[in-house]
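What follows is one structure encoded as structure tokens, with my remarks underneath.
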Amino acid sequence: MSTKIWLHPPHMSGREEKYVREAFESNWIAPLGPNVDGFESELSRCMSGHSVAAVASGTAAIHLALILLGVKPGDEVLASDFTFTGTVNPILYQGAVPVFVDSEMDTWNMDPMLLEEAIMDRLKRGKKPAAIIVADIYGMPANLAAISAVAEKHGIPVVEDAAEALGSKYKGKPCGTFGQLAALSFNGNKIITTSGGGALVSPGPEMAEKARFLASQAKEKTLHFEHHRLGYNYRMSNVLAGIGRGQLEVLGERVTAHRIIRQHYQELLKEIPGLEWQAEPDADYFSNFWLTCLTVNSKEAGITPEAILRALAEDHIDARPLMKPMHMQEVFRDYPRYLNGNGEHLFANGISLPSGSALTESDRERVAGWILRIHAE
């Protein structure tokens, strides 16, 4: 039986053991500790000096961001439609209403023109949105300049969901440094991992400190347990932060590997017509290409996405369809949406190929070989 090729497994560098061993030797196993402090400081340097609060997940970071921005029950929050549910669930945690905005095809991220249209329509209805959450999907930066301009025009704060985009840049600035607040993820399938974890990123220390307070059950600075407001058990553990510190040391290598993988796939499959690769629109965009993604024009290519996924699965290769838009999900079916059909097109025609940074050249050739084989049949 062929060995399994996973979509994006964790890739340990070996440097993690030092920090984890220190946590064990000092018995600093509980949440918080020197590794958390170190991880936040090192992440801050990656984020151009922005303040960072390490938390339990990227979803937790988005939830804290909405709390810090004052989003309350009944408020409306505009959100990327073509994304993972972790982008949107925190809106419901707050009792607020998600309003979905479809994608542009240049980046596959939130369409700035459709965002403007959505805001104008909500304003006509007497409902000014309380926030905008824009995702950098698959590591590709959104059109953050245009989205920020629309948001600023209407006085609406932006939360950048950069969960998949650590190491990506827009106009030379790291993803995760746009908007009033941002979120990162270090889930087991991300470009670097802490096993499970995330971070809230803030331009200044005040919001990050408030996030740490809320993420630590909102415990007041007293010897006894004193709580004046609702808090959450969202802080990262010292052990997991140790993994993150070792992973962060090789972030640049991981980004380079992902970009090579994506380029190699495109070269291997260049003879098949009708394949459209997620690509950087121009020099303003630098993607970590967390996952290598493409759409398949079945008429031109002579193969369907379903046929590709089926053939790969038969050889124990873990490829996936692209994100199913939020407005198509049962849990979100009754919420407002502003659509142009792009998200549905991407879901219907797109696939993501195995993209882990440890993927070997022969692994990539095995994946591409199956696609070439079914195309030739």
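Nothing in this text is a laboratory measurement; each read-out follows from the coordinates by a stated rule. This structure is a prediction, so every number in the text was calculated from the model and none was measured. No Cβ is skipped: glycine too gets one built from the backbone with ideal geometry, and neighbour counts run over all protein chains shown.
What to note about this one:
- Cα convex hull volume per residue for region 119-172 (Å³): 79
- Residue order, fewest to most surrounding Cβ atoms within 10 angstrom, among H375, H50: H375, H50
- More than 16 Å apart - percent of Cα-Cα pairs taken over region 180-263: 64
- Listed by chain and number, the lysines placed with their C-alpha closer than 23 angstrom to that of K169 are K190; residues fewer than eight positions away on the same chain are left out.
- In plain terms, if you count all Cα to Cα distances in region 1-115 and split them into 10 Å steps from zero, the share in each step is 11, 25, 31, 23, 10, 1 percent.
- The relative contact order of the chain, computed from alpha carbon pairs under 8 Å that lie at least 6 residues apart in sequence, is 24 percent.
- FRET efficiency, 1/(1 + (r/R0)^6) with R0 45 Å, evaluated for A218 and E267 via beta carbons: 0.30
- Selected from A311, V71, G242, residue furthest toward positive end of dipole (the chain; charges at beta carbon): V71
- Calculation over all alpha carbon pairs of region 105-197 in 5 angstrom steps from 0 returns a P(r) of 3, 14, 24, 22, 16, 10, 6, 3, 1 percent.
- Trypsin sites (Lys or Arg not before Pro) lying in DSSP loop within region 302-373, provided at most 15 other Cβ fall within 10 Å: R333
- With Cα atoms as the point set, region 252-376 shows a radius of gyration and Dmax of 15.5, 46 Å.
- With N the number of residues in the chain, Rg(Cα) / (2.2 N^0.38 Å) evaluates to 1.00.
- Straight-line cross-link partners of K153 among the aspartates and glutamates, defined as a Cα under 12 Å from its Cα and at least 8 positions apart when in the same chain: E116.
- Extension gain, H316 to R21: 0.36 nm times the residue separation minus the Cα-Cα distance gives 102.7 nm.
- In region 1-68, the alpha-carbon atoms span a convex hull of 169 Å³ per residue.
- Computed from the Cβ-Cβ distance with R0 of 51 Å, the FRET efficiency linking T3 to Y93 stands at 0.80.
- Chain lengthening between D37 and D363 when straightened (0.36 nm per residue, less Cα-Cα): 113.6 nm
- Loop-located chymotrypsin sites (Phe, Trp or Tyr not before Pro) in region 144-228, at most 11 other Cβ atoms within 10 Å (DSSP): F225
- The chain: calculated mean residue ellipticity at 222 nm from DSSP helix runs of at least 4, using -39500 (n - 2.57): -11500 deg cm²/dmol
- With a Förster radius of 35 Å applied to the C-beta separation of T256 and K153, the computed FRET efficiency comes to 0.40.
- Considering only P73, P321, P90, the mean-square fluctuation computed in a Gaussian network model of the chain, springs between alpha carbons under 10 angstrom, is largest for P73.
- Under 19 Å from the Cα of K270 - lysines, other chains or at least 8 residues apart: K299
- Extension gain, E226 to K171: 0.36 nm times the residue separation minus the Cα-Cα distance gives 15.3 nm.
- Loop-resident sites, region 209-259, for trypsin sites (Lys or Arg not before Pro), counting at most 14 other Cβ within 10 Å (DSSP): K221, R229
- Region 41-101-region 317-377 distance, computed between alpha-carbon centres (Å): 24
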